[in-house]
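Here's the structure we're looking at; comments come further down.
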Amino acid sequence: MRGDRKKQSLLMGCAKFRAIIMMSRVKVLRGGLLIDGTGAKPVKNCVVIVKDSKIAEVGVEGEIKIPEGDDVKVIDVYGKTIMPGLIDTHIHVCMDGEPRGLIERTINQNCMLAAIKGVSYLRRTLESGVTTAQDGGSGFNWMEVALRDAINQGFIEGPRYFTAGYHITVTGGHGYFFPPWLGSRSGGDIIEQAAMHADGPTEWRKAARLNLWYGVDVIKLVVSRDIISPGDPTSPQATIEEIRAAVEEAHKMGKKAMAHAVGRQAVLNALEAGVDIIVHGFYIDDEIADMMVEKGVYLMPTNRYVKLIVERGEGEQPEYTVEGAKELWKDRRSNFKKYLEKGMKIVLGSDAGGVPYFRHGENAHELAVMVELGMSPSQAIVAATKLAAECIGIEDKVGTIEPGKLADILVVDGNPLEDINTLTLKKNIYLVMKEGRIIKKREDE
Ligand SMILES: [Zn+2]
């Protein structure tokens, strides 16, 4: 009996070994249109050679030698586009775009259920072509950190994932939807919300340090209200001193700080306190826009959710949310193009999951809205690849199709430079590769 079991485990070991050696070390994508993520002109009939986890060579068919051998897998992608996997710098795995998610989630689930749901949201995100995602703060006992580590250790499948932990907000500020006694079912210490209350520079510093100790990759600060919470959405909340204390802690640890900011004064406070990224950034005037350009501060514009609330919110969202969304959408339609012309660094930052109606896996729809507001499809793709990688601080690893970069690659039908909506349709996704591994490949007849 014992011998049988030993034999069985040996056989299983052999099968596993065979599976490993049969996995192609070299993958060749042959014949597609290459959009490399740098904003350069697309190149026809391209060949991308991937060795293990990295891009080894990029060239044109006929000019580049296609490797041969047992461990080489050639995939023909004629008529399709090869591009870097998308990078969404702002999602929230604690929700999935439920119309009243912020409130329902807090009441109806504990941290573990939140994390388990997050597993499926992250997989859906990856399969939609987003190979890197950064969370804008999902709280719930730092479940993002657990999800990130589970992905990196190979227990679950998901995009390369960066985490923010709890948003830091003032008492009663946006992001904290219930008083602590209702927000925590675990006895007080673990907050079953997405945000932490903090007041005064000392508490903001401590909250940032706590997030960093739990292992987050970026710090998220809420410095104004929002259309989703009652009251004037442009009201600045945190003081410059509070914001600066948290930013200092992030920077000391080599991390960036992003600020949720709506309204001129809130954005100005965040800039003066040294934040690296403005989230939302509605009602930015010329002076503030110039300041952002000069300081090299990124904007995560989150345009689509505003449009979705305008289109679908009536009767389902509070009146202040719908009316607020109409105003924000008006602001974007008048000013978004101007920010681009000034050279502001605008990245794909969708808020997927965390805002009403915007579900995980729909991230590329944000690009379509960016194009609607005045970006060229080429600019939108750079915003979702090279520039987004820079915003997270991983531009040496991903974001472009170049030799030496990790092989995070998306292959889609058609040409997104002609129609950005190519990226939004699930049926168009032919192949998703993360670090040289094929995550998803459509089997065509
Ligand atoms: Zn957000």
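The values are calculated or read from the model by the stated rules, or taken from the named source; none is laboratory data. In this text the structure is predicted, and so the values were computed from the model without any measurement. Cβ sites come from the backbone with ideal geometry, for glycine too, and all protein chains shown count toward neighbours. SASA here: full protein model, heavy atoms, side chains in, ligands and nucleic acids out. Shrake-Rupley method; radii C 1.70, N 1.55, O 1.52, S 1.80 Å.
Remarks
- Listed residues TRP204, TRP213, TRP142 arranged by accessible area, highest first, probe 1.4 Å: TRP213, TRP142, TRP204
- When ASP226, ASP290, ASP413 are compared by accessible surface with a 1.4 Å probe, the order from highest to lowest is ASP290, ASP413, ASP226.
- C-alpha center-to-center spacing [the range 21-67, the range 375-445] in angstrom: 13
- The chain: calculated mean residue ellipticity at 222 nm from DSSP helix runs of at least 4, using -39500 (n - 2.57): -11000 deg cm²/dmol
- Sum of side-chain charges, LYS342 neighbourhood, beta-carbon under 14 Å (Lys, Arg +1; Asp, Glu -1): -2
- Cut-off under 5 Å, modelled amide H: who pairs with GLY354 long-range: HIS92, GLY97
- Under 12 Å, Cβ to Cβ, from ASP290 - net charge with Lys/Arg +1 and Asp/Glu -1: -2
- Solvent-accessible area of GLU314, all protein chains in place: 120 Å² (probe radius 1.4 Å, heavy atoms, ligands and nucleic acids excluded).
- Projecting label points 7 angstrom from Cα along Cα→Cβ for ASP232 and GLU314 puts them 2.9 nm apart.
- In nm, spacing of pseudo-spin labels at VAL293 and ASN415 (7 Å Cα→C-beta vector): 3.1
- For TYR430, the residues 5 or more places off, or on other chains, whose built amide H falls under 5 Å of its own are VAL411, VAL412, ASP413.
- Net charge, ALA270 excluded, C-beta distance under 12 Å - Lys, Arg +1, Asp, Glu -1: +1
- The modelled label-to-label distance for the pair LYS441/TRP213, using points 7 Å beyond Cα in the direction of Cβ, is 4.7 nm.
- Probe 1.4 Å, all protein chains present, accessible-area order of GLU435, GLU241, largest first: GLU241, GLU435
- The charge dipole of the chain, taken about the Cα centre with unit charges on the Cβ atoms of Lys, Arg (+1) and Asp, Glu (-1), comes to about 1660 debye, rounded to the nearest 20.
- Modelled FRET efficiency - R0 51 Å, ALA40 with ASP199, Cβ distances, 0.05 increments: 0.55
- Histogrammed with a bin width of 10 Å, the alpha carbon distances of the range 320-445 distribute as 12, 36, 37, 13, 3, 0 percent, first bin at zero.
- Rule-of-thumb Rg ratio for the chain [Cα; 2.2 N^0.38 Å; N residues]: 1.01
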